[in-house]
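Just so it is clear, none of the values below were taken in a lab; they were calculated from the coordinates. Values in this document were obtained by computation on a predicted structure and should not be read as measured data. Glycine gets a Cβ as well: all are built from the backbone with ideal geometry, and neighbour counts include every protein chain shown.
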Amino acid sequence: MVLLFWPFMLASIIFSFVALSKKKPLFLVISFLLIIPFSLYLAATPLFRWWGLILPLFYLGAALSLRKHMRWLSALLILPIIILIGWLGYVVITQ
């Protein structure tokens with residue numbers, strides 16, 4: 001589980017920052033593909049059932065808004081994913 005989720009989650013965050021800095025929505029689509037295993041894992045837990053299914057759609061929405069040159073909206077759509085991954089990392093480290 002560690003080898004699958006954490007590197008993909010970190011890579012999706014890195015790709016999202018690259019997409020915002022270079023204004024390339026293709027990197028957000030790559031982030032979308034990288035976050036799918038984590039989101040399916042979240043969808044299987046009772047606490048995050050619906051959020052696990054909705055989470056990858058934030059990346060697609062950010063890619064569409066970046067394509068329409070709304071960089072602020074892209075950053076706003078990426079923010080919940082970064083907060084969730086950061087919170088989960090904090091919970092894992094402090095246990």
What residue among Pro46, Pro56, Pro80 shows peak mean-square fluctuation when the chain is described by a Gaussian network model with Cα springs under 10 Å? Pro46
Footprinting exposure proxy for Val91, Val29 (fewest neighbouring C-beta atoms within 10 Å first): Val91, Val29
Take Tyr41, Tyr90, Tyr59 and order them by how many other Cβ atoms sit within 10 Å, fewest up front. Tyr90, Tyr41, Tyr59
Hydropathy first: keep DSSP H helices in the chain averaging at least 1.0 on Kyte-Doolittle, then drop any whose Cα extent along the axis falls short of 24 Å, and list what survives. 2-22, 25-43, 71-94
Extended-chain gain in nm, criterion 0.36 nm per residue less alpha-carbon gap, Trp72 and Phe17: 18.5 nm
Taking Cα pairs closer than 8 Å and at least 6 residues apart, the relative contact order of region 2-94 in percent is 24 percent
State the three equivalent ellipsoid semi-axes of the chain, derived from the C-alpha gyration tensor as the square roots of 5 times its eigenvalues, in descending order and whole Å. 23, 13, 12
Given a 10 angstrom Cα cut-off, can you work out which residue in Ala11, Ala44, Ala19 is the most mobile in a GNM of the chain? Ala44
Suppose each label sits 7 Å from its Cα in the direction of the beta carbon; what would the Leu88-Leu57 distance come out to in nanometres? 1.8 nm
